[in-house]
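K.L.:
There's a structure below that I have some questions on.
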Amino acid sequence: MKKIPFYFILFIATLSLALYFIGHKEETCSGTVIVLNGPSGSGKSSIQKAFQNLMMPNLWIKVGIDNLFDLPMPDITPENMEVWQSPNPIRWVETTTDEEGHQVISLFVGEQGLKVAYAMNSAIAAYAKNGNHVIVDYIAYDQKWFDDLRIKLAPCKTYYVAVDIPLEVLEDRERARGTSPSGHARSHYFTVYGDKSYDLRVNSQKNSPEEIAQQIKDLIQGSK
């Protein structure tokens with residue numbers, strides 16, 4: 001059997017090593033991400049708008065669960081509850097009561113909906129990896145979603161902001177605005193933050209969206 005020349009073996013080994021490093025090079029990310037995590041109705045979208053105005057003329061893209069997890073279904077409102085109460089592959093709700101007799105409307109996500117949730121995280125990361133600054137309205141219905149988001153945003157400069165609000169104030173807002181049925185916020189209020197550490201905690205009862213936007217700006221500038 002003909003012996004393979006040493007220089008040919010060395011060439012193949014060098015080429016294989018180069019291809020390995022090309023395929024495993026560290027991702028770069030030039031955009032900055034702010035993730036606002038908190039229960040439904042806590043004021044995250046108002047904070048986003050106030051922050052966008054504060055940071056002008058620098059562009060901060062406003063994205064979130066409402067527009068990245070969009071479906072051909074009506075909003076969860078008292079009038080549309082019947083549409084949402086049938087289990088399906090995307091998402092649906094179930095109505096129960098807790099130990100104190102409060103109505104609880106819990107969101108469940110099916111197989112197709114889970115694909116959307118993880119794709120939503122990828123989309124958020126893609127904005128930043130293409131050089132965009134992003135402020136995100138997030139609701140960590142499932143802490144596995146939040147873990148996946150953190151992994152995908154690992155190459156990016158990311159600030160995690162917990163939006164706090166007392167439950168009784170939140171439910172007053174929920175009843176007043178009528179955009180979601182009473183009991184929806186309660187369903188995830190005690191689990192949405194998880195056991196994660198946050199770069200900043202803000203209180204949307206005590207502070208206006210403009211004041212919170214300034215707090216976030218101070219955080220970003222202070223960390224540079």
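K.L.:
Of all residues in segment 35-72, count the ones that are closer than 17 Å to SER180 by Cα, over 12 Å from the mean Cα position of the chain (by Cα) and part of a helix (DSSP H, G or I).
P.N.:
Number of matching residues: 2.
K.L.:
Restricting attention to segment 182-195, and to residues there that are of a type in the set (Gly, Ala, Ser) and in a helix (DSSP H, G or I), which single residue is farthest from MET55 (Cα to Cα)? Spell out the reasoning first.
P.N.:
The initial filter retains those residues of segment 182-195 that are of a type in the set (Gly, Ala, Ser), namely 182-183, 185, 187, 194.
Then keep just the ones that are in a helix (DSSP H, G or I); that gives 185, 187.
Values: ALA185: 30, SER187: 34 Å.
Among those that are of a type in the set (Gly, Ala, Ser) and in a helix (DSSP H, G or I), it is SER187.
K.L.:
Kindly list, by first and then second residue, each pair from a residue in segment 108-133 that is more than 13 Å from ILE151 (Cα to Cα) and modelled with pLDDT under 95 to a residue that is among the β-branched types (Val, Ile, Thr) and not in a helix (DSSP H, G or I), limited to pairs with Cβ atoms under 6 Å and residues at least 6 apart or on different chains.
P.N.:
These pairs meet every condition: GLY110/ILE90; GLN112/ILE90; GLY113/ILE90.
K.L.:
Within the bounds of segment 196-218, is there any residue that is among the aliphatic types (A, V, I, L, M), modelled with pLDDT of 95 or more, assigned to a strand (DSSP E or B) and surrounded by 15 or more Cβ atoms within 10 Å (Cβ to Cβ)? Even if it seems obvious, please write down each step before you answer.
P.N.:
So in segment 196-218, the residues among the aliphatic types (A, V, I, L, M) come out as 200, 202, 212-213, 216.
Then keep just the ones that are modelled with pLDDT of 95 or more; that gives 200, 202, 212-213, 216.
Adding the requirement that they be assigned to a strand (DSSP E or B) leaves 200, 202.
If we keep only those that are surrounded by 15 or more Cβ atoms within 10 Å (Cβ to Cβ) too, we end up with 200, 202.
Checking segment 196-218: at least one residue is among the aliphatic types (A, V, I, L, M), modelled with pLDDT of 95 or more, assigned to a strand (DSSP E or B) and surrounded by 15 or more Cβ atoms within 10 Å (Cβ to Cβ).
K.L.:
Oh, and also: Among the residues of segment 150-175, which ones are closer than 23 Å to PRO209 by Cβ and either without any contact (Cβ under 8 Å) to a residue 24 or more places away in the chain or among the aliphatic types (A, V, I, L, M) (or both)?
P.N.:
VAL161, ALA162, VAL163, ILE165, LEU167, GLU168, VAL169, LEU170, GLU171, ASP172, ARG175 - these are the residues of segment 150-175 that are closer than 23 Å to PRO209 by Cβ and either without any contact (Cβ under 8 Å) to a residue 24 or more places away in the chain or among the aliphatic types (A, V, I, L, M) (or both).
K.L.:
When you scan segment 85-106, do you find a residue that is surrounded by 12 or more Cβ atoms within 10 Å (Cβ to Cβ) and in a helix (DSSP H, G or I), even just one?
P.N.:
no
K.L.:
Quick check on segment 151-171: of everything there that is assigned to a loop (DSSP other than H, G, I, E, B) and closer than 30 Å to GLY131 by Cβ, which residue is farthest from the chain's Cα centre (by Cα)? Working first, answer last.
P.N.:
Within segment 151-171, the subset assigned to a loop (DSSP other than H, G, I, E, B) is 153-156, 165-166.
Okay, now just the ones that are also closer than 30 Å to GLY131 by Cβ, so 153-156.
Details: LEU153: 11, ALA154: 14, PRO155: 16, CYS156: 14 Å.
If we take residues in segment 151-171 being assigned to a loop (DSSP other than H, G, I, E, B) and closer than 30 Å to GLY131 by Cβ, then PRO155 is farthest from the chain's Cα centre (by Cα).
K.L.:
Any chance segment 109-116 includes a residue that's in a strand (DSSP E or B), in contact with a Lys or Arg (Cβ under 8 Å, 6 or more places away or on another chain) and surrounded by 17 or more Cβ atoms within 10 Å (Cβ to Cβ)?
P.N.:
Applying the first criterion (in a strand (DSSP E or B)) to segment 109-116 yields 109.
Retained after the next criterion (residues that are in contact with a Lys or Arg (Cβ under 8 Å, 6 or more places away or on another chain)): 109.
The next check asks that each one be surrounded by 17 or more Cβ atoms within 10 Å (Cβ to Cβ); those that pass are 109.
Yes, segment 109-116 contains a residue that is in a strand (DSSP E or B), in contact with a Lys or Arg (Cβ under 8 Å, 6 or more places away or on another chain) and surrounded by 17 or more Cβ atoms within 10 Å (Cβ to Cβ).
The values are calculated or read from the model by the stated rules, or taken from the named source; none is laboratory data. Everything numeric in this text was worked out from a predicted model, so none of it was measured. Here Cβ is always computed from backbone atoms with ideal geometry, including for glycine, and neighbour counts include all displayed protein chains.
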